[in-house]
Structures are given as C-alpha cells and as structure tokens.
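Working notes, beginning with the structure itself.
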Amino acid sequence: MYEFLKNLDRRWVFLLMLLSVAVPILLNARFPEKPTGLARAVFNEIEKLNEGDPVLLAFDFDPASEGELGPMATAFVRHCAEKKLKMYFMSLWPVGPRMVEDALDRVVRPDFPDLKYGEDWVQLGYKSGYEAVIKVIVTDLKQLYTTDRFGASIDSIPLMADIQSVQDFSLVINISAGYAGTKEWVQYASTPYPDIILVAGCTGVQAPLLYPYIPEQLPGLLGAIKGAAEYEMLVLDKYGARDENGELDEPGKYFEGIRRMGPQLIAHVLMILLIITGNIIFFIERNREGSS
Amino acid sequence: MKRTVPLIITFLGGVVLIIAYFIPYTQAWGEKAAVFFDVLAAIAFVLGGGNLLKNHLKKVSDRVAGWGYSVICLVAFLVTLTVGLGKIGVNPNTQFSNYAWSGVYDQVGSPFWWLYEYGFKPLTATMFAILAFYVASAAFRAFRAKNFEAILLLGTAFIILLGRTYAGVVLTGFIPDDSAFSGLKLENFTVYIMQVFNTAGNRAIMIGIALGVASTSLKVLLGVDRSYLGSGGD
C-alpha cells in the first residue's frame, strides 16, 4: 500500500477529483447555508434602498470565472429587480457585457418582463482604460459613456436623465474576477468619495486581498461560491416563492450557488485527505531514511 | 528625441495627476489626463493586435517548435477580428434600421456570438476548471509538514477548507451558538482567521507595496528609472 501511494500516478488523483465534483452534481446534492456577517452586510445594503433608487452594477468578470461569480450575479440582479431598483450595467472587462446579458437572460427577461430597457435598466457596456475609466466616471459619467451598449445616445435614455456621475448612484455593486475590479473601485471610487457605497462579490483568490478594506471602504463582500450561496439563501428567504408546505418553490437557477457548494464540499474534503495521505507517506519515508 | 519626448510626457502626466489629487482646483486636469489614458488604452488594442501578428508570423516563418499553435492563434485572431469588425451576420439596430452596421457586434445568433458562445466561453471555462485537478495533485505531492511554519500553514488550510463548506458546520455543530466557545465553531473560526490574521498580514503587505510603488513612481517620473522605455538607443 505504501509503495502504491508513494508512486501514485497523478491520474488517480485527477480521477478522484473528477468523481468528487461529478457525483454531487449528478446527485443534485444540496447542503444548508448559514449566512455570515459579510453576506448579511451585502444583503442589508441593498435592502436599505428604496424603490426607484439607482444602482450601478459593474460586471468585471469573464466566462473563466463564471463558475464562481455567475450565481452571485444572478442573485444580485434578482434582488435589485425584486426591490424595483433602477439598474445600470457596465463593465471594465471586454466580455463583461456578455456576462450582463447572461444574467439578464436568466432573471430580468423571463421573470421580470415588465421591466423596460431605458426606464428600469440600461446596459452601458464596456470601456477600455481599467481604473482610468473609474477615475473619470466618478465625476463625469457622460464624458466616457456617450452612448449605451447598443449605440443609442445616452441623453435619449430616460434612465440617464438624473445621472451625472457615479456619485449619483445609491449603491455600486461590483462583481470582480481580478484586475480591473473591486480593488480599483475601492481605490478610485469609495476611498476618495466616501459617499459612494460599494459592495462586492469576488473570486476566492481575491477575497483575502479585499478584507483590509472592510468595513470602511467596502461594507460587504461575497467571497466566491460560498458567499454567493449565503447571499442566495438570504434573497430566497425574503423573496422566494413557497409551496403549501412552506418549502422554497423556485427554479434551479436561483439555487446555483447552493448547488455548487455540493461539489466544493466533497472536493475540499478530498483535498484534506490527499494532504494527510501525502504527509503520512512523507513521515514514513523520513523515518525509514533515518533508521537506515 | 526618441527618449526625451516619452520622458517629458511621463513627467507631465504624473505631475498633473499628483497635483490634481491634492489641489481641488486642478481636479479637472486629472480627469482630462485620465480621458487621454482611456483613449490610449483603446489604441493599445491595435498595437497589441499588431504585436501578436508580428510575433506569431515570425514563429511560423522560422518554423520554431510549436509553430502550429501560432497558426491556430493567427487564424482564430483573424477570423474573430474580421467577423467582429465587419459585424458579419448582424442585423441593424431597430432604432437605426437605415444603417447597416448599427447592430451590436455580438448580437445573439451572429457569427461573432457563435464564436464566443461555442468557442471562447467553453475554452476559457475549461482552462479555469482544470486548475482543480492540478491543485489536488500539487496538494498531494508538495504540501508537507516539514517545519513549524508549514504546520501552521497546514492547520490554517484545513480550518479554512472545512470552514468554507457545510463540513465545518457538521464537525463543530455540537458547540452551542450562544456558548463562550462558539468562536471555535469552524465556520466562525474561519471568519476570525480571515478578518484578523489575514487582514493584518495583508495590510502590512499592502503598506509595503504602496511605499514601493511610490518610490518607483518617483523614479519613473524623474527619469531615474527608464526601463519602461525599452532597450532601444536614441
């Protein structure tokens, strides 16, 4: 056994990882989520807003991180739609607008068909320049965004009438997979202009780097799929439809974060077992070397 | 000339941005400089495309190892560029139906959308997903409790790995929520580690980086560090 594990072909490890991810997906395993303080903080910042308040949603991610960030994008859009907030979408990543379209296709178009483009939500699209875009739009949004994503003049869009800069938004929600993202929004928006309230959702590797900004510059943060699942739970608890037994009766798309926590649980346990096994081999080897 | 002009532009750009930050009267200067940057960033895409063509065409012409990948890269680049810039298969925007090119380049059903949906999207998602397999393999082979620091790291990793899933809730579910030991519940302990130890360490690193960035920026602005201009002579 020792010899087998010591010379274990890494393809066995790959197979184990494949099974640990595939089996919970196939079995549709779901585990309960207990929201932590940061997820509650994000939820409460949106809950504080009144109907019709303008919210800027910056989708700074791409398909590579959709697995982690897609579910929180869905939950954010649903929460804003349920609260009847005015949604303004933009992106600092070239494929960000497609991520916005995906979220709109999942939430707004099928479940909130009454929301009208230009009156309830608008797609401002992508602008190149990373943090320099933020630096300009915090004081003058129309200097860079002269048209929406579809080429219509920004002045012809009713929703833009009262918006001059990012400071006019009641809340900025950023979903970030890296540069440019939440860190830049903190540095160029919420830090120099403390009236800008920023909450964010980010990938797992980014989260530790953003904790130093909590709570002054960043009141709430959703870290990876775990944060998304907690936030989903809060949104579902408040706005989810229930059947006669009091159970949540919602389509699967609103449980994506919770569903993806299943594979994460098994994969994490596998990682721990692999590390322990690797260390057992290491100590046996060291003892044998010492005794010889 | 080739070096002096970029040095002057860098100096003026940097000084304007610094002044604009500290003197409210000059704030508009900083915004103007940022708009220049945004325009340059858009132009940089053209430069980037040209550079990509140059490098990969050279690899193909020199027949260096793996030149076949360069051919794939060039074909993918040129096809996407042509389809996107030409807005091939895109219907005009209903608001501006008289203008043939008024539709958005990635309109649903268009060839560009097809390339994105069935090429780019699955490929990038696959690349990211493959990480899980390599991380698992690396954890098995490299994560060893060789010394005290490594043991601390391992212990923290276990707590975070378990605390970020339902396993943490199950393993320490026996500790009552309202007891004095509730902080030891894995899900709470994970939050504590992230908010205290991680934040303290990261803040220290961030302050160090900020000081380094300030000193490097000063060297660039004053022309002491000219490495960003490349190695070409005057």
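The values are calculated or read from the model by the stated rules, or taken from the named source; none is laboratory data. In this text the structure is predicted, and so the values were computed from the model without any measurement. Counting neighbours? That spans all protein chains shown, and the Cβs are built from the backbone with ideal geometry, glycine included.
Quick notes on this one:
- Verdict on B:S182 being hydroxyl-bearing (S, T, Y), touching a residue at least 24 places away in the same chain (Cβ under 8 Å) and farther than 15 Å from A:H268 by Cβ: no
- Restricting attention to segment A:72-97 and to residues that are part of a helix (DSSP H, G or I) and within 14 Å of another protein chain (Cβ to nearest Cβ), the residue that is farthest from A:A180 (Cα to Cα) turns out to be A:P97.
- Condition check for A:L8: among the aliphatic types (A, V, I, L, M), surrounded by fewer than 16 Cβ atoms within 10 Å (Cβ to Cβ) and either closer than 19 Å to B:R164 by Cα or outside the structural domain of A:I196 (by TED's automatic domain parsing) (or both): no
- Within segment B:202-222, residues that are of a type in the set (G, A, S) sit with their Cβ atoms under 7 Å from residues that are part of a helix (DSSP H, G or I), at 6+ positions apart or across chains, in these pairs: B:S217/B:G14.
- Of A:L222, A:L236, all but one fail to be surrounded by 16 or more Cβ atoms within 10 Å (Cβ to Cβ) and either among the aromatic types (F, W, Y) or outside any strand (DSSP E or B) (or both); the exception is A:L236.
- For segment A:158-179, the count of residues that are farther than 30 Å from B:L161 by Cβ and within 12 Å of chain B (Cβ to nearest Cβ) is nonzero.
- Test: B:T190 is more than 25 Å from the chain's Cα centre (by Cα) and crowded, with 18+ Cβ neighbours inside 10 Å: yes
- Applying the condition of being in a helix (DSSP H, G or I) and more than 11 Å from chain A (Cβ to nearest Cβ) to segment B:90-127 and asking which residue is surrounded by the fewest Cβ atoms within 10 Å (Cβ to Cβ) yields B:Y118.
- Meets criteria (surrounded by fewer than 20 Cβ atoms within 10 Å (Cβ to Cβ) and β-branched (V, I, T)) for A:V199: no
- Filtered residues of segment A:19-36 (kept if in a helix (DSSP H, G or I) and exposed (fewer than 15 other Cβ atoms within 10 Å of the Cβ)): A:L19, A:A22, A:V23, A:I25, A:L26
- Criterion: within 14 Å of chain B (Cβ to nearest Cβ), modelled with pLDDT of 95 or more and touching a Phe, Trp or Tyr at 6+ places or on another chain (Cβ under 7 Å) - qualifying residue of A:V100, A:V13, A:V55: A:V100
- In the set (1) touching a residue at least 12 places away in the same chain (Cβ under 8 Å); (2) in a helix (DSSP H, G or I), the condition left unmet by A:L57 is number (2).
- Looking at A:G257, A:G262, just one residue is more than 10 Å from every other protein chain (Cβ to nearest Cβ), in contact (Cβ under 8 Å) with a residue 24 or more places away in the chain and either crowded, with 21+ Cβ neighbours inside 10 Å or closer than 23 Å to B:L186 by Cα (or both), and that residue is A:G257.
- Scanning segment A:32-44 turns up no residue that is touching a Ser or Thr at 6+ places or on another chain (Cβ under 7 Å), more than 10 Å from chain B (Cβ to nearest Cβ) and under 30 Å from A:S128 (Cβ atoms).
- Looking across A:Y179, A:Y188, one residue alone is in a helix (DSSP H, G or I) and in contact (Cβ under 8 Å) with a residue 24 or more places away in the chain. It is A:Y188.
- Segment A:152-182 - residue that is surrounded by 16 or more Cβ atoms within 10 Å (Cβ to Cβ) and among the small types (G, A, S) and, of those, nearest to A:C80 (Cα to Cα): A:S170
- A single member of A:E45, A:E66 is surrounded by fewer than 22 Cβ atoms within 10 Å (Cβ to Cβ), charged (D, E, K, R) and at pLDDT 95 or above, and it is A:E45.
- If you go through segment A:118-144 and pick out every residue that is over 23 Å from the mean Cα position of the chain (by Cα), away from chain B (no Cβ under 11 Å) and outside any helix (DSSP H, G or I), you end up with 1.
- Condition check for A:G246: within 9 Å of another protein chain (Cβ to nearest Cβ), small (G, A, S) and over 20 Å from the mean Cα position of the chain (by Cα): no
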